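Notes follow once the structure below has been shown.
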Amino acid sequence: MLDVRRLRLLRELAIRGTLAEVAAALNQSPSSVSQQLTQLEKEVGVALLRKSGRRVQLTPEAEILVEHTTAVLERLELAESDLAASLESATGVVRIAVFQSAALALMPGALTLLAHEHPQLRVEMTQREPETALYETWARDFDIVIAEQYPGHAAPRYPELDKVELTTDGLRLAVPPAGLRGSRATDTAVTLADMAGAAWVMEPRGAASRHWAEQACRRAGFEPDVRFETADLQAQIRLIESGNAVGLMPDLVWTGRGTTAQLITLEGAPQRTIFTSVRRASARRPAILACRDALARTASKQAAARVSV
């Protein structure tokens with residue numbers, strides 16, 4: 001009988017690429033991981049790893065084992081989920097990966113609901129960029145990911161993950177208050193094309209929001225002058241409200257707060273979609289269902305409270 005724990009190490013190596021990364025992910029030492037994989041090779045009687053410079057590569061036989069290990073782990077997770085569902089109580093630990101604006105707007109209300117309705121449930125939250133978090137949820141680093149999808153920019157898909165829409169979120173042009181440096185607002189409607197000469201703030205390259213924002217500007221006939229790059233949306237807001245930049249902002253960032261910035265609806269009223277994903281094998285866990293329910297109720301409440309422009 002093959003050892004499932006050692007098989008999991010082999011799969012982790014296929015996912016993460018190095019013994020050091022496997023060790024860090026599983027809180028083990030690299031030497032311990034190496035020893036266990038060596039023992040697995042003895043158990044199966046074939047070579048599973050070969051050296052490639054300072055790294056190791058999986059042999060074709062190892063790839064076969066990884067494929068079967070994925071199926072075994074998924075089946076075991078499904079068994080745990082079915083067992084938990086039979087108890088009808090939300091307990092244990094749920095690890096949630098979430099991007100910044102959702103963490104600010106959705107998580108406080110959802111956590112309050114969960115603390116009141118499911119006091120035995122422990123929720124751990126980590127801020128992650130959505131595309132990275134989807135991968136890490138597939139890799140079993142998280143149980144739930146709150147992710148986003150911008151118009152014309154499909155989020156990565158993993159067959160083991162489901163996708164449940166949580167809410168939609170308007171995307172608007174945010175410009176400084178009238179009269180401040182950088183503001184071009186007049187009594188007539190401001191368009192995206194009017195911002196061709198403005199200083200822009202955007203997220204760093206590689207983010208879905210950055211790709212969408214650049215494409216929106218190009219469709220409006222100009223290349224944006226991105227002078228400020230930051231993944232911190234609160235910093236973006238301060239730059240806009242102080243008159244130093246303009247930006248394309250999601251409505252969710254204004255939840256629970258006012259703003260002196262002028263928010264202008266874009267042509268076509270574009271929206272991003274916010275969704276949750278979990279591994280299908282764990283979707284029936286009461287703890288997962290409770291978290292998704294709390295998030296959905298919070299999103300519904302917040303949608304009605306967003307700034308009206």
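The table for this structure:
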| item | result |
| --- | --- |
| Residue in segment 85-104 that is part of a helix (DSSP H, G or I), closer than 19 Å to residue 160 by Cβ and among the charged types (D, E, K, R) present | no |
| Residue 34, sole failed condition from (1) surrounded by 14 or more Cβ atoms within 10 Å (Cβ to Cβ); (2) under 26 Å from the mean Cα position of the chain (by Cα); (3) modelled with pLDDT under 90; (4) among the polar types (S, T, N, Q) | (2) |
| Flag if residue 267 is assigned to a loop (DSSP other than H, G, I, E, B) and modelled with pLDDT of 95 or more | no |
| Which listed residue is modelled with pLDDT of 95 or more and either outside any loop (DSSP other than H, G, I, E, B) or farther than 30 Å from residue 111 by Cβ (or both), from 186, 167, 132, 126 | 126 |
| Identity of the residue in segment 41-100, farther than 30 Å from residue 127 by Cβ and acidic (Asp, Glu), that ends up modelled with the lowest pLDDT | 88 |
| Some residue of segment 74-83 being touching a residue at least 60 places away in the same chain (Cβ under 8 Å) and hydrophobic (A, V, I, L, M, F, W, C) | yes |
| Test: residue in segment 280-287 that is outside any helix (DSSP H, G or I) and in contact with a Gly (Cβ under 7 Å, 6 or more places away or on another chain) | no |
| Residues within segment 125-162 that are open to solvent by 70 Å² or more (accessible area, probe 1.4 Å) and farther than 23 Å from residue 15 by Cα, tallied | 1 |
| One residue from 303, 231, 235 being open to solvent by 10 Å² or more (accessible area, probe 1.4 Å) and in a loop (DSSP other than H, G, I, E, B) | 231 |
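The values are calculated or read from the model by the stated rules, or taken from the named source; none is laboratory data. These numbers were taken from a predicted model, which means no experiment stands behind them. Please note: Cβ atoms are built from the backbone with ideal geometry, for glycine as well, and neighbour counts cover all protein chains shown. Quick note on the areas: whole protein, heavy atoms, side chains included, nothing else; ligands and nucleic acids left out. Shrake-Rupley method; radii C 1.70, N 1.55, O 1.52, S 1.80 Å.
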